[in-house]
Structure formats: C-alpha cells, structure tokens
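The values are calculated or read from the model by the stated rules, or taken from the named source; none is laboratory data. From a predicted model like this one, the values you see are computed outputs, not experimental measurements. No Cβ is skipped: glycine too gets one built from the backbone with ideal geometry, and neighbour counts run over all protein chains shown.
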C-alpha cells in the first residue's frame, strides 16, 4: 500500500521520493534474503538461516530499515494532518494482510507458522504510536532506547507461552518463521517517528533532499502488495524450474 504523500511548501500534495527509495531498498534486500531462503529450502544451497550470524544480522538490518521508514512515514502523515479514516483504513489493510500471512504460512510451515511477524508487529506499533507516541512527538526518541533495552532487562519465562510472545519479553525464542514482537522493535519504529517529528519543524526539508532512485521509489510505493506477493511468486518459479530439470522439491 502506498504511503500518504507529504505536503509540499506550496500546500500541494507530493511524494517524498527519497523516503520511497529507502523503503524500496528494504524491499529489494528482503526479496534477496527470501530468495536465498527459498534456494536453501529447495536444496540448491545449504546454510542455516536460524543460527548463522550472516543471515541473522541481515534480518535485523532489513527489519530495522522497514520499521525506521515506517516511523518516518507516520511523522509525514502527522505533518499532513492525515484523517482518522485514512489511518484506520491503512491499519485494517496491514492487519488483514497479517491474517493472510498467518493462514499461508500455516499451510506451508504448520510447525513454525508466522503468528507475530513483521505485519502483526507493525500493526501493533501503529496502535501504540497512535495512542501514545504521536502525542509525545520527538520525545519518543527518549523512549526508543528504553524500548530497545526492555527485553534485556525485563525478560521473564512467564512471557514464553505463545499468548504473550507479542511482548518480546521472552527468555526462549518461539519456533516461528518470522518474529517481530513489540519490544524491542517499537524502539526502532520510534527512532524513525521521533526523527520525523524533529524534521517537521523544518518542513521535512531533509527528507525532501534524500536521493530518489526511480526503481526503488516505485517499489517503495507498494510495500504491502509486494510483501504479500513476492514469496508465492518466487516459490512458484522455483517449483516450476525444479520440476523442469527434475530437481526434488520440498512439496
């Protein structure tokens, strides 16, 4: 779903191509990561996506880039005085897409399906920001490091049951293909939102001069659609290619 455009100095609506490009970079990185995961799943490469630091840190960087740009986008929407209806429409789209991911991942990975991944996490963060963070403005930059540190300080085994995994205050990582709990990731989201709130004081000018890379900017306008469609497409192409050359497939 494309983000809401920001107001330009003349009062008209314009997109922030640099912010779109930043989100587009995260999308390209995510697709490359997922394609590598699929190659491993189909047996074309052999690596461990669950313990190898190379893949673990790439995932951290990808999620951070998405949440940082999402927080910035919220600040842009606040600068435009985005309507309640527009916010809730976007939130419902993200929440609904998250439900589709739950069902789809359960069909493919029934033992490790996604029940609180990036879409569920973003939906929760948007609610918290709407109720609290937006009122604090740039002060969320003070809360951001506290949110990031919270799992290291407040983790308890009482949060290990699936019902409480959304908090992130766990002592044992759940078995799931994607896990983006509220903490510590709300802190990264608030870094973006807080920086955006500061930039509102100068009419978002630094965001306007971010370099716009046309292909990335185009991708960055449709993050939700691409997120939902890219894995079925990649897996389908790998399955067809594997069948054509007689390579075994995982299903």
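List every residue pair whose Cβ atoms lie under 9 Å apart, where the two residues are 6 or more positions apart in sequence or sit on different chains, the first residue falls within the stretch 140-161 and is at negative phi and in contact (Cβ under 8 Å) with a residue 12 or more places away in the chain, and the second residue, located anywhere, is exposed (fewer than 13 other Cβ atoms within 10 Å of the Cβ) and not in a helix (DSSP H, G or I).
From the stretch 140-161, the pairs are 155/171; 156/171; 157/171; 157/172; 159/171; 160/171; 160/172.
Report, by residue number, each residue of the stretch 169-193 that is under 16 Å from residue 111 (Cβ atoms) and in contact with a strand residue (DSSP E or B) (Cβ under 9 Å, 6 or more places away or on another chain).
Correct list: 173, 174, 176, 178, 179.
Count, please, the residues in the stretch 158-196 that happen to be farther than 21 Å from residue 123 by Cβ and crowded, with 17+ Cβ neighbours inside 10 Å.
1
Looking at the stretch 108-126, which of its residues are at pLDDT below 95 and part of a helix (DSSP H, G or I)?
Result: 108, single match.
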